[in-house]
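Heads up, the thing below is written out as structure tokens.
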Amino acid sequence: MATTSSPALADAARAVLRIALGAVFFAHGWQKFFEYTIPGAQGAFAQMGVPAAQVAAPIAAGLELVGGALLIVGLLTRVAATLLAVEMLGALFLVHVSAGMFVEKGGMELVLLLAAGAAAVALVGPGRISLGAAIFGRSSGRLAAIAA
């Protein structure tokens with residue numbers, strides 16, 4: 001079977017993954033701020049056994065809201081995706097892994113998928129269909145790699 005490599009398809013795949021992940025993270029950050037509210041999120045984090053829940057909840061909410069928005073537009077993508085992947089690994093090991101795989105039992109399937117997706121975006125970058133590429137271009141050196 002012959003394989004073909006298409007930069008346009010690779011950029012489209014990066015954009016699809018980045019935007020979908022960004023939307024999920026943004027929605028979860030929004031939920032923590034405006035539906036649960038930060039005090040509610042702090043209580044939920046404490047109940048789940050998250051250390052320093054009073055600090056962790058607003059940090060998680062802000063990271064998910066801002067990081068999700070950055071993924072959607074493709075700006076500071078590698079930084080945002082790395083921070084979100086680390087956050088999801090924390091959630092995975094602190095809360096979800098002990099509950100098994102499935103989310104209906106508090107399991108790890110969602111956070112594992114979000115961690116893997118964010119790590120993948122951090123590794124490959126946003127692609128050319130992104131605000132970072134539009135502003136900094138593909139080969140503008142080190143700053144473009146960080147900003148994109």
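The values are calculated or read from the model by the stated rules, or taken from the named source; none is laboratory data. None of these values were measured; they are calculated from a predicted model. Neighbour counts are summed over all protein chains in view; Cβ atoms, including those assigned to glycine, are modelled from backbone coordinates with ideal geometry.
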Worksheet item: When both residues are 6+ apart or on different chains and their Cβ atoms are under 7 Å apart, which pairs have a first residue that lies in segment 104-130 and is acidic (Asp, Glu), and a second that is assigned to a loop (DSSP other than H, G, I, E, B)?
Response: 109/101; 109/102
Practice prompt. Kindly list the number of the only condition in (1) out of contact with any helix residue (DSSP H, G or I) (no Cβ under 6 Å at 6 or more places or on another chain); (2) at pLDDT below 95 that fails for residue 37.
Written response: (2)
Worksheet, complete the sentence: Of the candidates 144, 85, the one satisfying the condition of being at pLDDT 95 or above and surrounded by 14 or more Cβ atoms within 10 Å (Cβ to Cβ) is 85
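Confirm whether residue 49 is small (Gly, Ala, Ser), surrounded by fewer than 17 Cβ atoms within 10 Å (Cβ to Cβ) and touching a helix residue (DSSP H, G or I) at 6+ places or on another chain (Cβ under 8 Å). It would help to see each step written out before you state the result.
Working: small (Gly, Ala, Ser): yes; surrounded by fewer than 17 Cβ atoms within 10 Å (Cβ to Cβ): yes; touching a helix residue (DSSP H, G or I) at 6+ places or on another chain (Cβ under 8 Å): yes.
Yes, satisfied.
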Worksheet, complete the sentence: Residues of segment 89-141 being among the small types (Gly, Ala, Ser), modelled with pLDDT under 95 and surrounded by fewer than 16 Cβ atoms within 10 Å (Cβ to Cβ), in sequence order, are 98, 99, 100, 106, 134, 137, 139, 140, 141
